[in-house]
1. Evaluate the following for Thr44: is it in contact (Cβ under 8 Å) with a residue 12 or more places away in the chain, surrounded by 10 or more Cβ atoms within 10 Å (Cβ to Cβ) and β-branched (Val, Ile, Thr)?
2. Look through segment 70-91, keep the residues that are under 17 Å from Ser26 (Cα atoms) and among the acidic types (Asp, Glu), and return whichever of them is surrounded by the fewest Cβ atoms within 10 Å (Cβ to Cβ).
3. Taking into account only those residues within segment 67-99 that are among the polar types (S, T, N, Q) and assigned to a loop (DSSP other than H, G, I, E, B), which is nearest to Ile48 (Cα to Cα)?
Amino acid sequence: MVRWDKFKAYKAILTHKEYVESKLTSLKKYVQTLGVIMTWVMETHTKITTLRKLSQKESVKTIEKIMINVDDRQMDVIDVLENYTNLEKECEAAKQTVSIELQF
């Protein structure tokens, strides 16, 4: 009987280990995607900031390029926000807070 309990405990630990590893893999992917999006946001912000230095014609061209780029990245940004919301809900359910490094 003791042996069977140890086996069940071992099996439960392995199952939990797999669960934790999958969550860590998802978190790593999220952090990588968040980094890419944050870099893009900063680059876009810089482009917008420099618009004042451009002629009106150049400004219009730059704004058009930025708008195309924003349209292209829209789903990526939405995915990051949705993933953050899901992460926040999971942490809340586990009575944990979202890591300060991941908070907006």
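1. yes
2. For segment 70-91, the residue satisfying everything is Glu82.
3. If we take residues in segment 67-99 being among the polar types (S, T, N, Q) and assigned to a loop (DSSP other than H, G, I, E, B), then Ser99 is nearest to Ile48 (Cα to Cα).
Any read-out appearing in this document is the output of simple, stated calculations on the displayed coordinates, not a laboratory observation. Treat the numbers as computed from the prediction; the structure is a model and nothing was measured. Here Cβ is always computed from backbone atoms with ideal geometry, including for glycine, and neighbour counts include all displayed protein chains.
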